[in-house]
Amino acid sequence: MQQFLNVTLGGLAQGAIYAAFALALVLIWRATRIINFAQGAMAMFTTYLALVLIESGQSYWTGFAVALAGGLVLGALVERVVMRPVEGGPELNAVIVTLGLFVALQALAAILFGATFQSFPAPFGLRGFTVGGTTIAFTPFSVFVIGSVVVVMLGLVALFRFTDLGLRMRASAFSQEVARLLGVRVGRMLTLGWAFAAVVGSLAGLLIAGGNLVHPAYMDAVIVYGFVAAVLGGLESPAGAVAGGLIIGLALSYVSGYLGSELVTLAALAILVAVLLVRPHGLFSRVAERRV
Amino acid sequence: MAEAELEVRALTARYGAVTALDTVSLRARPGEITAVLGANGAGKTTLLRAVSGLVRGSDGSVLLGGRELAGAPAERIARAGVAHVPEGRGVITELTVEENLRLGELLGTTRRKRRRVHRLDGVYEMFPALGQRRRREANSLSGGERQMLVIGRALLSEPEVLLLDEPSLGLAPRVVAQIFTLIRELVDREGLTVLLVEQNARSALSIADTGFVLNLGRVVANDSAAALAADAELRHSYLGF
Ligand SMILES: Nc1ncnc2c1ncn2[C@@H]1O[C@H](COP(=O)(O)OP(=O)(O)OP(=O)(O)O)[C@@H](O)[C@H]1O
Ligand SMILES: [Mg+2]
């Protein structure tokens with residue numbers, strides 16, 4: 001029972017991070033039909049920005065804020081400079097460009113920040129809370145992880161549901177042509193979409209890094225888990241991405257807790273294949289949702 | 001009040017080797033409905049898409065109240081006051097009815113800071129069916145309701161020019177008659193400039209003031225609506241009634 005609780009709580013905290021990462025993928029997929037394979041590398045890069053600041057004596061929070069702002073700028077830049085020329089072209093071109101960006105950012109990070117493991121601080125304690133005399137696998141930092149992911153998600157919901165900007169962004173994502181005819185500056189909305197997605201991705205990068213070691217490839221596994229979560233959620237739906245993230249977090253935590261941590265990656269792959277075979281439109285898709 | 005003439009001069013558009021529009025010139029006056037008729041593939045949709053900036057790289061000139069629009073991106077042309085209701089209607093089905101209308105309203109607000117003619121409530125009054133479904137996904141609307149939605153949305157954008165691409169497509173004759181009557185009323189009341197593309201030449205000419213007939217991307221006839229409707233030869237060759 002004790003172990004089950006620990007494994008579940010640990011899975012939820014991890015799942016929240018995968019959810020954030022999957023959400024970043026979904027935001028971009030919805031708007032541009034591109035899977036941003038560079039999402040993890042972008043998050044890694046901005047997390048290193050935070051680390052550089054923190055090591056130079058700035059507070060964790062300064063680093064945190066700069067990393068998120070850096071994500072905003074990096075996302076916008078990537079869309080404007082790198083993706084814009086291939087948007088609307090053959091899908092494979094965009095995929096290859098994001099893969100190229102992924103490799104380039106990792107190489108650049110290795111040059112700028114070094115290819116070694118460096119420890120990244122956490123702003124809150126990493127020792128589990130004590131409940132009834134036993135220590136559980138839920139730490140003050142886990143609370144921060146879940147809390148910050150929830151805040152970001154509520155922020156995105158508010159943006160998309162209740163603001164004019166959010167409405168314009170959704171219109172651009174669903175139908176670029178109609179949005180244009182309604183005077184929406186679609187190019188600008190796509191740039192903003194990438195920027196917001198990169199902020200969410202950067203958050204995931206910071207949260208994964210907290211209390212852990214970072215190196216230029218530390219996000220690689222998260223890309224896989226985040227992608228599985230996004231597919232699980234159907235790739236279209238932000239809510240699905242969040243649910244998918246939590247499910248993956250829990251599932252992998254159970255696998256790791258009961259079967260052995262070496263099986264985690266394999267399990268993620270098995271889940272992905274199973275979903276693609278059984279419910280290719282995700283666990284939550286309504287049947288025949290997209291009739292054309 | 002909307003008082004802008006739309007003038008198209010020697011507009012030419014190609015899709016690869018296909019010339020879909022060949023030096024088309026036409027004029028649509030405020031307070032009038034100008035019908036654009038012709039068989040399938042005549043170039044009617046391409047004409048509207050070239051005017052509204054969806055077809056890029058066309059040659060020629062598109063003037064709105066004397067201002068050159070050719071070459072501008074679609075969003076700028078929309079902001080200049082051209083509302084294009086595309087073929088197949090252009091409802092964003094993933095958004096709710098009200099969100100679709102809000103998009104028109106947002107454009108209207110950026111276009112006219114102070115004086116607005118159309119309001120959301122007015123559109124719901126005009127089309128009660130939409131009011132009842134305002135929170136539903138537009139996906140759930142019938143064909144006629146979708147047509148109402150896009151016309152309402154276009155009106156909320158406070159346009160000078162309304163480009164309608166086959167608004168009668170797939171609608172029951174009674175609904176078509178309703179929508180055509182409504183368009184006529186709007187034009188008379190507000191002095192809108194309307195370019196009405198139709199397969200259904202007989203009904204279009206019954207509400208239009210003037211008309212152009214396209215064939216293989218060229219203007220083959222241009223006259224008052226009554227004269228076009230009375231021309232048996234033309235009706236037989238190009239209009240199918
Ligand atoms: N995207 C496209 N790519 C290539 N050719 C096209 C494209 N769209 C239209 N055409 C061609 O251009 C010509 C004019 O087409 P257009 O759609 O403007 O005709 P239309 O008068 O609107 O016809 P309909 O009454 O069937 O809607 C046709 O020969 C058509 O095949
Ligand atoms: Mg057409």
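Here are a few things to note about the model shown:
- Exclusive hit being surrounded by 15 or more Cβ atoms within 10 Å (Cβ to Cβ) and under 15 Å from the mean Cα position of the chain (by Cα), set B:Leu171, B:Leu234, B:Leu186, B:Leu214: B:Leu186
- Count of residues meeting criterion [more than 22 Å from B:Leu6 (Cβ to Cβ) and without any contact (Cβ under 8 Å) to a residue 24 or more places away in the chain] in region B:179-208: 0
- The set of residues from region A:130-154 being more than 12 Å from A:Ala13 (Cβ to Cβ) and free of Cβ contacts under 8 Å to residues at least 40 places away in the same chain comprises A:Thr130, A:Val131, A:Gly132, A:Gly133, A:Thr135, A:Val151, A:Leu154.
- Screening B:Glu3 on (1) farther than 20 Å from B:Glu198 by Cα; (2) within 14 Å of chain A (Cβ to nearest Cβ); (3) of a type in the set (D, E, K, R) shows it passes everything except condition (2).
- Options A:Ile96, A:Ile111, A:Ile54, A:Ile28; residue that is surrounded by fewer than 19 Cβ atoms within 10 Å (Cβ to Cβ) and touching a helix residue (DSSP H, G or I) at 6+ places or on another chain (Cβ under 9 Å): A:Ile96
- In this entry, B:Gly81 is excluded by the filter for residues that are within 16 Å of ligand 1 (Cβ to nearest atom) and either surrounded by fewer than 20 Cβ atoms within 10 Å (Cβ to Cβ) or closer than 22 Å to A:Ala179 by Cβ (or both).
- Test: residue in region B:89-97 that is within 16 Å of ligand 1 (Cβ to nearest atom) and of a type in the set (Val, Ile, Thr): no
- Taking the numbered list (1) among the acidic types (Asp, Glu); (2) away from ligand 1 (no atom under 16 Å from the Cβ); (3) more than 14 Å from chain A (Cβ to nearest Cβ) in turn, B:Glu137 passes all entries but (3).
- One residue alone among A:Leu213, A:Leu203 is surrounded by fewer than 22 Cβ atoms within 10 Å (Cβ to Cβ), more than 10 Å from chain B (Cβ to nearest Cβ) and of a type outside the set (S, T, N, Q), and that residue is A:Leu213.
- Of all residues making up region A:155-183, the number that are at the interface with another protein chain (Cβ under 10 Å from one of its Cβ atoms), out of contact with any Leu (no Cβ under 8 Å at 6 or more places or on another chain) and modelled with pLDDT of 95 or more: 1
- The residue of region B:95-118 that is nearest to the other protein chains (Cβ to nearest Cβ), among those that are crowded, with 19+ Cβ neighbours inside 10 Å and part of a loop (DSSP other than H, G, I, E, B), is B:Leu95.
- If you filter region B:154-175 down to residues that are over 14 Å from B:Gly143 (Cα atoms) and assigned to a helix (DSSP H, G or I), you find that the one that is farthest from ligand 2 (Cβ to nearest atom) is B:Leu156.
- Selection of helices (runs of 4 or more DSSP H) fully inside region A:118-196 by the criterion of at least 3 residues being surrounded by fewer than 19 Cβ atoms within 10 Å (Cβ to Cβ) returns A:140-162, A:164-174.
- Entry remark, region B:140-164: residues being surrounded by fewer than 24 Cβ atoms within 10 Å (Cβ to Cβ) and farther than 18 Å from B:Arg184 by Cβ number 7 in total.
- Failed criterion for A:Val186 (all others in (1) in contact with a Leu (Cβ under 9 Å, 6 or more places away or on another chain); (2) within 14 Å of chain B (Cβ to nearest Cβ) hold): (1)
- Residue that is farthest from B:Asp22 (Cα to Cα), among those in region B:217-231 that are surrounded by 19 or more Cβ atoms within 10 Å (Cβ to Cβ) and either within 12 Å of ligand 1 (Cβ to nearest atom) or within 19 Å of the chain's Cα centre (by Cα) (or both): B:Ala225
The values are calculated or read from the model by the stated rules, or taken from the named source; none is laboratory data. Computed from a predicted model, the values in this text were never measured in an experiment. All Cβ positions, even for glycine, are placed from backbone atoms using ideal geometry, and neighbour counts span all protein chains on display.
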